[in-house]
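Remarks on the structure that follows.
Read-outs: derived from the displayed coordinates by stated rules, not from any lab. Just so it is clear, the model here is predicted, and its values are computed rather than measured. Methodologically, a virtual Cβ is constructed for each residue, glycine included, from the backbone with ideal geometry; neighbour enumeration extends over all protein chains shown.
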Amino acid sequence: MMAAVPKTVPFMRLLLFTRLSPLLLGGIGAFGFAPYYLFPLPILALAGLFLLLHEASPREAFRRAWLFGLGWFGAGVSWVYVSMHDVGGLPLPVAGVLTLLFAAFLALFPATAAWLAARRHVAAAIHLLILLPTLWALAEWSRGWLLTGFPWQAIGYSQAPAGPLAAYAPLLGVYGVSWLAALTAGALALRRPWPLVLVAALWAGGLGLARVDWTRPAGAPVSVSLLQGNVAQEMKFQPEKLADTLALYRDMVLASRARLIVLPETAWPIFLDDIPADYLDPLRAHARGLVGHLLAGVPERDVDGRYYNSVAVLDGGPVQTYRKAHLVPFGEFVPWGFRWFVDAMAIPLSDFSRGARGQAPLAAAGQRIAANVCYEDAFGEELIHALPEATLMVNVSNDAWFGDSFAPWQHLQIAQMRALETGRWWLKANNTGITAVLDEKGNVVASLRPFTAGVLDGVAQGMAGATPYSRWGNGAFLVLVLGALVGAYAWRRKAR
């Protein structure tokens with residue numbers, strides 16, 4: 001009896017590795033995103049998952065894809081733990097369990113896609129080249145709007161800005177790029193010559209599309225100053241810190257010589273109408289003297305007492321505002337039944353009102369600016385209403401909530417994808433970083449190191465025209481993937 005034990009131990013180890021290999025693949029694939037930018041890695045990890053899913057039963061396919069998703073999101077959005085524990089002050093066990101539950105919930109999306117793909121016995125080519133890639137992309141698209149949406153960590157983002165598939169973003173958006181990335185993974189998993197030829201043509205086409213200029217310069221470049229105050233989140237809303245914060249940004253503004261000066265989200269952590277006139281008047285006068293404008297992230301309220309997470313344009317004339325429309329659950333509005341959670345994290349201003357959809361661009365420094373606040377830039381289709389009128393895109397953020405984690409870098413990569421989709425230069429002013437200027441191809445023209453206080457001076461080029469994505473949104477992607485599913489059904493019927 002004892003002699004049999006050494007023989008069974010390697011077998012049990014192999015069995016354990018096989019059962020946990022989807023989890024390991026998902027965790028490895030998550031490191032293909034920013035800050036590492038290893039764009040082939042998520043595709044290779046997904047190809048490994050597709051190999052494990054082929055010929056698996058629906059139940060086993062669900063389990064394996066769920067484990068993959070658990071590793072994918074557990075590693076990729078681990079910054080949720082930082083937000084809750086390091087910044088929000090939740091006890092370690094509570095924050096750890098909630099982070100695990102969040103990753104487990106997100107993993108249900110790829111698991112459902114795998115389950116649906118396994119429900120019918122089809123040829124390997126249909127399963128790996130059509131069903132799995134298409135349902136994977138549709139699952140990512142669904143995750144982007146269901147329950148207000150959480151599109152973070154879509155595989156398409158891993159391709160921005162340098163991957164060969166990134167050039168399809170102006171046509172199909174991030175979910176179209178996800179579909180093409182999943183198609184590449186399916187071709188690798190099929191391990192036959194002709195799908196690899198198809199993928200090579202697809203990637204070569206992406207390299208060709210990268211040379212296409214979908215938009216054109218409009219007017220002369222404008223000088224910009226993006227302010228990064230680096231105010232710690234735990235101090236940001238403390239009354240005793242307010243005077244220091246106001247002085248910090250006042251000095252930064254008055255030292256700037258750019259026509260467009262941008263302050264990050266809630267840079268002034270008090271309501272706009274509470275800021276003393278003797279503080280704002282010199283800043284307005286300074287902007288007028290530069291023939292420019294000041295854009296500031298600041299809480300703002302209306303006559304009925306509703307308050308908004310806003311961007312205000314200040315130059316001495318009538319105040320223009322953009323009010324954030326897509327709010328963050330828990331951080332900016334309280335879902336039903338979760339007041340206890342918001343109170344436990346002591347989140348200030350946690351019940352904002354939503355701004356109107358389709359707000360017009362702001363006029364500033366000779367540009368038409370489509371402003372958005374923090375998390376809004378993760379929802380590409382919601383931003384294109386301002387195009388082609390808008391010449392420049394500006395995002396103000398406060399990534400101090402995420403600490404020193406992957407999140408600020410992933411947030412930058414999301415903005416790089418938005419720049420590709422819209423064909424517009426993108427300005428990111430962030431409290432703790434990453435503050436950056438991106439060109440219309442998503443390349444970082446200039447940036448500040450995170451967790452430093454400073455001013456990023458540079459120039460930005462306004463753009464005119466429209467990419468196909470800015471006209472169609474996700475419509476072209478949905479038509480293509482639904483057409484692929486119809487084609488797979490017809491192919492299966494013909495084979496019968």
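Values computed for the structure shown
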{"item": "Of L101, L44, A113, farthest towards positive along the dipole that unit charges on Lys, Arg, Asp, Glu beta carbons give the stretch 32-127", "result": "A113"}
{"item": "Dipole magnitude (debye, nearest 20) for the stretch 217-466, charges at Cβ of Lys, Arg, Asp, Glu", "result": "480 debye"}
{"item": "Degrees between helix 169-190 axis and first principal axis of the chain (Cα, 0 to 90, nearest 10)", "result": "20 degrees"}
{"item": "Extreme residue, positive dipole direction of the chain, given options L135, L226, L383 (C-beta unit charges)", "result": "L135"}
{"item": "Rel. contact order, % - alpha carbon contacts under 8 angstrom, at least six apart, the chain", "result": "17 percent"}
{"item": "Peptides ranked, highest mean first, by Cβ atoms within 10 Å: ranges 284-291, 164-171, 457-464", "result": "164-171, 457-464, 284-291"}
{"item": "With Cα atoms, 0 to 90° folded angle of helix 108-118 axis to the chain main axis", "result": "30 degrees"}
{"item": "Two-decimal ratio, the stretch 120-182, of alpha-carbon radius of gyration to 2.2 N^0.38 Å", "result": "1.19"}
{"item": "Pairs of Lys in the stretch 217-466 closer than 22 Å at Cα, counting only those 8 or more apart or on different chains", "result": "4"}
{"item": "Hydrodynamic radius of the stretch 217-466 per Kirkwood, over alpha carbon pairs, in Å", "result": "18.0 Å"}
{"item": "Karplus-derived HN-Hα couplings along the stretch 246-259 (A = 6.51, B = -1.76, C = 1.60, θ = phi - 60°), whole Hz, x at Gly and Pro", "result": "4, 5, 4, 6, 4, 5, 5, 5, 5, 7, 7, 10, 8, 6"}
{"item": "Estimated [θ] at 222 nm from DSSP helical runs (n ≥ 4, -39500 (n - 2.57)) normalised by residues in the chain, nearest 500", "result": "-14000 deg cm²/dmol"}
{"item": "Sequence ranges 305-318, 24-37, ranked by mean other-Cβ count within 10 angstrom, highest first", "result": "24-37, 305-318"}
{"item": "Fully extended contour minus Cα-Cα distance, from V319 to L147, at 0.36 nm per residue", "result": "58.6 nm"}
{"item": "Long-range amide H partners of I434 with built H, under 5 Å", "result": "none"}
{"item": "Global size of the chain as Cα Rg and Dmax, reported in angstrom", "result": "24.1, 90"}
{"item": "Extreme residue, positive dipole direction of the chain, given options A360, A185, V87 (C-beta unit charges)", "result": "A185"}
{"item": "Relative packing of 276-282, 423-429, which averages over residues the other C-beta atoms within 10 Å, highest first", "result": "423-429, 276-282"}
{"item": "In Å, descending, principal axis extents of the Cα set of the stretch 379-443", "result": "36, 20, 16"}
{"item": "Charged-residue dipole, Cβ positions (Lys, Arg, Asp, Glu), the chain about Cα centre, Debye nearest 20", "result": "2440 debye"}
{"item": "Within the chain, percent of DSSP bridges classed antiparallel, to nearest 5", "result": "65 percent"}
{"item": "Long-range HN-HN contacts of F150 with modeled amide H, under 5 Å", "result": "G144, W145"}
{"item": "From phi via Karplus (6.51, -1.76, 1.60), per-residue ³J(HN,Hα) for the stretch 414-421 in Hz, x at Gly/Pro", "result": "4, 5, 4, 5, 4, 4, 5, 5"}
{"item": "Folded to 0 to 90 degrees: helix 193-209 orientation relative to the chain principal axis, Cα", "result": "10 degrees"}
{"item": "Extension reserve of the E55-R216 stretch, reckoned as 0.36 nm per residue once the Cα distance is removed", "result": "53.0 nm"}
